[in-house]
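Everything below concerns the one structure shown next.
Read-outs: derived from the displayed coordinates by stated rules, not from any lab. These numbers come from a predicted model, not from an experiment. Don't worry about glycine lacking a Cβ; one is built from the backbone with ideal geometry, like all the others, and counts go over all protein chains shown.
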Amino acid sequence: MELIEKEFGYVVITVVLYCFLNMWMAYQVGQARKKYKVFYPTLYALESDNKDAKLFNCVQRGHQNSLEMMPMFFVLLILGGMGHPCVSAALGLVYIISRYFYFTGYSTGEPKNRLSLGRFGFLALFGLMICTISFGINLLRT
């Protein structure tokens, strides 16, 4: 534990917060499955079979995209957090909040709504990239 700053705890808590958000999004997809009658194992509804296909698919895509981005977010958050724990945790919170708005905007059935506040997640990821690069450079200098 001597190698990790105590502030890294903020990074750990941020990872768990994202897990809670992901579980909430998964629950929302489950609710949408019931509401729009899209049953497993169907991943996406077909418009030819379901008049609410677009609404369901937008909920599903909002969650799916968050799952697709999660590995990159976690790696950048954890590695960047090893060198810059407070900054990385703060950027992680910005990412989580933006992901919430990305998902809720997408879930309206209008995909463009995902970017109202959701676009700030990309800035947070860019900041985490800078933290991670800085951490890597500092490792090489020691």
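The packing ranking of peptides 6-18, 78-90, highest mean first, is 78-90, 6-18, where packing means the average number of other beta carbon atoms within 10 angstrom of each residue. For the chain, the longest principal axis of the Cα atoms and the long axis of helix 53-83 meet at an angle of about 10 degrees.
Counted residue by residue at 0.36 nm each, then reduced by the alpha carbon distance between them, the extension gain from Val75 to Leu117 reaches 12.8 nm. For Phe122, neighbours were defined as the other residues whose beta-carbon sits under 15 Å from its Cβ, and their charges (Lys and Arg +1, Asp and Glu -1) total +2. How high is the FRET efficiency from Ser48 to Ala26, r the C-beta distance, R0 25 Å, rounded to 0.05? For Ser48 and Ala26, the calculated efficiency is 0.40. In the set [x] 9.3; [y] 16.8; [z] 10.1, the label that goes with mean projected area of the Cα convex hull in nm² computed for this structure is [x].
Normalised by the residues of the chain, what does the relative contact order come to in percent, with Cα pairs under 8 Å and at least six apart? This gives 27 percent for the chain. The angle separating the long axis of helix 8-36 from the principal Cα axis of greatest extent in the chain is about 0 degrees.
Cross-chain or 8 or more residues apart, Cα under 15 Å: how many lysine pairs in the chain fit that? Count them up, please. Could you put the intermediate results ahead of the total?
Numbers: Lys34/Lys51; Lys34/Lys54; Lys35/Lys51; Lys35/Lys54; Lys37/Lys51; Lys37/Lys54; Lys54/Lys112.
Going through the chain pair by pair, I get 7.
The string of couplings for the range 127-136 from the Karplus curve (6.51, -1.76, 1.60, θ = phi - 60°) is x, 5, 4, 5, 4, 5, 4, 4, 4, x Hz, one whole number per residue in order, with x for Gly and Pro.
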